[in-house]
1. Tell me which residues, restricted to region 142-160, are surrounded by 18 or more Cβ atoms within 10 Å (Cβ to Cβ) and hydroxyl-bearing (Ser, Thr, Tyr).
2. Restrict the check to region 143-150 and report whether at least one residue is under 14 Å from the mean Cα position of the chain (by Cα) and either acidic (Asp, Glu) or part of a strand (DSSP E or B) (or both).
3. Does ALA163 satisfy the condition of being assigned to a helix (DSSP H, G or I), at pLDDT 95 or above, under 11 Å from the mean Cα position of the chain (by Cα) and buried (at least 17 other Cβ atoms within 10 Å of the Cβ)?
4. For region 43-67, which residues satisfy the criterion of being touching a helix residue (DSSP H, G or I) at 6+ places or on another chain (Cβ under 9 Å) and of a type in the set (Val, Ile, Thr)?
5. Give just the number: which of (1) of a type outside the set (Val, Ile, Thr); (2) surrounded by fewer than 15 Cβ atoms within 10 Å (Cβ to Cβ); (3) within 12 Å of the chain's Cα centre (by Cα) does SER6 not satisfy?
Amino acid sequence: MTRNASVQRKTLETDVAITIDLDGSGVTSVDTGVGFYDHMLTAFGHHGLFDLAIKTQGDLHVDEHHTVEDTALVLGTAIADALGDRSEIRRYGSATIPMDEAIATATVDIGGRPYAVIDLPFATERLGTLGTQMIPHALEAFSRTAGCTLHITAYGSNDHHIAEAAFKALAYAIRSAVEIDPRRSGIASTKGPT
């Protein structure tokens, strides 16, 4: 079984191309033009052991909003496409990751129900060229197209550490949720296929 996907989405604001292999080894190539976002997406691919290539060209002369949001939407779509009918996966995953004084927990249900609860206590307005308000927005966008219920909470005093712990926790939680469960036959739901 191959669990990979390639998705491209082109609008007047952005051109996003993403390929992902859910059963990879963490090889990543990320270029969105937003340095700190690239750092977070690289961490996501590396720690999730997803082979991930992201190339986004966006209207950064306006600001980073469209670039960040559209990349998140396409990443979620790519994961959903790679999962197919979501049969034989564990479906649920949770991880808590520390980074110095910060700690973040991500808990996910990747069974097709999009919802996001994000509580990241950022104290600054920006991390490099990435506005910190865009981080929860990107995570919410990702949850919509991935078909993923996502709860992320964190605390800490360094915004870089809070963000990085959150993305690493998300990577480990998604990695666990999309793993093939050798005891599972079909969809992990008492409702059966939808």
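The values are calculated or read from the model by the stated rules, or taken from the named source; none is laboratory data. As the structure is a computational prediction, the values presented were derived from the model and not from experiment. Cβ coordinates were reconstructed from backbone atoms using ideal geometry, including for glycine residues, and neighbour counts include every protein chain displayed.
1. SER143, THR145, THR149
2. Yes, because at least one residue in region 143-150 is under 14 Å from the mean Cα position of the chain (by Cα) and either acidic (Asp, Glu) or part of a strand (DSSP E or B) (or both).
3. Answer is no for this residue.
4. Correct list: ILE54, THR56, THR67.
5. All conditions pass for SER6, except number (3).
Listed here are the residues, each with its yes/no results for (1) assigned to a strand (DSSP E or B); (2) within 20 Å of VAL108 (Cα to Cα).
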position	(1), (2)
ASP15	yes, no
ILE20	yes, yes
SER29	yes, no
HIS39	no, no
ALA43	no, yes
ALA53	yes, no
THR56	yes, no
